[in-house]
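Colleague: Following this message is one structure expressed as structure tokens.
Only the coordinates and a few stated rules stand behind these numbers; no lab work does. Since the structure is predicted, the reported quantities are computational estimates derived from the model, not experimental observations. A quick note on method: Cβ atoms are made from the backbone with ideal geometry, for glycine too, and the neighbour counts reach across all protein chains shown.
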């Protein structure tokens, strides 16, 4: 079983969140939350989990373009309203 490593968003991610009207303190990032699953699926890149604490919204992203995908999801309301 994997050990969960939650972390507050880094400053550059906080800037992205703020640009969409969100408070970075309301979000958590978790890199490769299920390394055994990633290995079993043969993923070359690790998964990135983004969680909004106040709503419980969780999304998984894969690969180097995850920040672009998160930005699109923020704009589309996938994490709720700012």
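Colleague: Residue by residue through region 42-56, note down the ones that are exposed (fewer than 11 other Cβ atoms within 10 Å of the Cβ) and more than 27 Å from residue 80 (Cβ to Cβ).
Modeller: Across region 42-56, the qualifying residues are 42, 44.
Colleague: Also, quick follow-up: When region 48-67 is examined, which residues are found to be more than 17 Å from residue 17 (Cβ to Cβ) and within 9 Å of the chain's Cα centre (by Cα)?
Modeller: Hit for region 48-67 is 60, nothing else.
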